[in-house]
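Data block below; observations after.
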Amino acid sequence: MPKDLQCLARFQEETEFKFLYYTSTDSTNSEAKRLANLSYPEWTVVLANEQTSGRGRHGRNWHSPEGRNIYMTIILRPPSEEFHYNLINLSAALSVLEGIREVMEIERVSPPPIASCKWPNDIYLGDKKVSGILSEATFKGNAIDYIVVGIGINANITQEELPHELRGIATSLAIETGRHYSRGQLIKSILRNFEKNYRMLYTDKDYILNTWGQNSSTLFKKVKAYTNEGLIEGLAEGIDERGFLIIHTPEGKKNINSADILHLR
Ligand code: BTN
């Protein structure tokens, strides 16, 4: 295991998380689904040093070079009736944001780049994406069997190593701050926050909705939302209790479940 990930062996003894580490896999989400189908429990984390077919939202590719970044997927088995499973995305995005901020503080990055959440589940540093989340739910009848929450974070990839088509829109912690980060330290901070935020969904989901909102770059902006049903344009007013984005349009309010969002101002 690479040196910067070795601290996770101790971390898993102190927490519920149990890691399965892969030098290389096709996609940690695909592997997590295979394991979940074999009854692997909640809190299993599939972690890879490289993905050969990393997947993004809407069937896109996720650039996953060896040794540079974080590719991990958490298996969860939430009860269907407690909260809408979309809220897991918001709590995961919030946890990545909090984890990144914590590590920048420990490393005394000054001033730290501004980190924010873009709906539904992207994390930005300044105006570029540093992390994305792909959650996939599998049902048994009407009930959730399991959810895999896949988190990709550009930690140490350099500007030169970013593919040309990503250079204007993506960034990494290293690019923004000129430092090299221990992926293990980042993973520990993110997962500690995730455990807290995921448990909070059972007891106080408004806390997650409010905290996500306070850290969101999407709310109160004019947006274009490219949904499966077509383009919706208007003011992003809030999120409802399922984590859907509420857009105020000339035709009235629309609550949307999933879309690619363009911020207009
Ligand atoms: C997106 O913003 O489009 C979501 C990107 C999610 C990427 C992560 S990397 C770990 C996990 N495994 C995958 O194949 N995808 C997710």
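The values are calculated or read from the model by the stated rules, or taken from the named source; none is laboratory data. This is a predicted model, so every value here is computed, not measured. Backbone-built Cβ (ideal geometry, glycine too); neighbour counts: all protein chains shown. To get the accessible areas, we keep the full protein, side chains included, count just its heavy atoms, and leave off ligands, DNA and RNA. Shrake-Rupley method; radii C 1.70, N 1.55, O 1.52, S 1.80 Å.
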Open item on the list: Ser91 - would you say it is over 18 Å from the mean Cα position of the chain (by Cα) and of a type in the set (Ser, Thr, Tyr)?
Closed with: no
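In this structure, is Gly59 assigned by TED's automatic domain parsing to the domain that holds Ile133, open to solvent by less than 10 Å² (accessible area, probe 1.4 Å) and within 25 Å of Asp127 (Cα to Cα)?
Working: assigned by TED's automatic domain parsing to the domain that holds Ile133: yes; open to solvent by less than 10 Å² (accessible area, probe 1.4 Å): no; within 25 Å of Asp127 (Cα to Cα): yes.
When the stated conditions are applied, Gly59 does not pass them.
Of the residues that sit in segment 149-172 and are β-branched (Val, Ile, Thr) and within 14 Å of the ligand (Cβ to nearest atom), which one is surrounded by the fewest Cβ atoms within 10 Å (Cβ to Cβ)? Before the answer, list the steps.
Looking only at segment 149-172, we keep the residues that are β-branched (Val, Ile, Thr), and these are 149, 151, 153, 157-158, 169, 171.
Then drop every residue that is not within 14 Å of the ligand (Cβ to nearest atom), which leaves 149, 151, 153, 157, 169, 171.
On the way: Val149: 26, Ile151: 28, Ile153: 25, Ile157: 23, Ile169: 11, Thr171: 23.
Ranking the qualifying residues of segment 149-172, first place goes to Ile169.
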Task: Pairs with Cβ under 8 Å, 6+ apart, first in segment 243-264 and touching a residue at least 12 places away in the same chain (Cβ under 8 Å), second among the aliphatic types (A, V, I, L, M) and assigned to a loop (DSSP other than H, G, I, E, B) - done: Leu245/Ala259
Open item on the list: For the structure I just gave you, tell me whether Tyr202 is in the same structural domain as Leu90 (by TED's automatic domain parsing), touching a residue at least 24 places away in the same chain (Cβ under 8 Å), more than 17 Å from the chain's Cα centre (by Cα) and more than 22 Å from Ile100 (Cβ to Cβ).
Closed with: yes
Task: Enumeration of residues in segment 2-17 that are surrounded by 14 or more Cβ atoms within 10 Å (Cβ to Cβ) and closer than 17 Å to Tyr71 by Cβ - done: Asp4, Leu5, Leu8, Phe17
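Quick grid of which residues meet (1) modelled with pLDDT of 95 or more; (2) touching a Phe, Trp or Tyr at 6+ places or on another chain (Cβ under 6 Å):
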position: Thr73; (1), (2): yes, no
position: Arg77; (1), (2): yes, yes
position: Phe83; (1), (2): no, no
position: Ile88; (1), (2): yes, no
position: Glu98; (1), (2): yes, no
position: Val103; (1), (2): yes, no
position: Ser110; (1), (2): yes, no
position: Ile123; (1), (2): yes, no
position: Asp127; (1), (2): yes, no
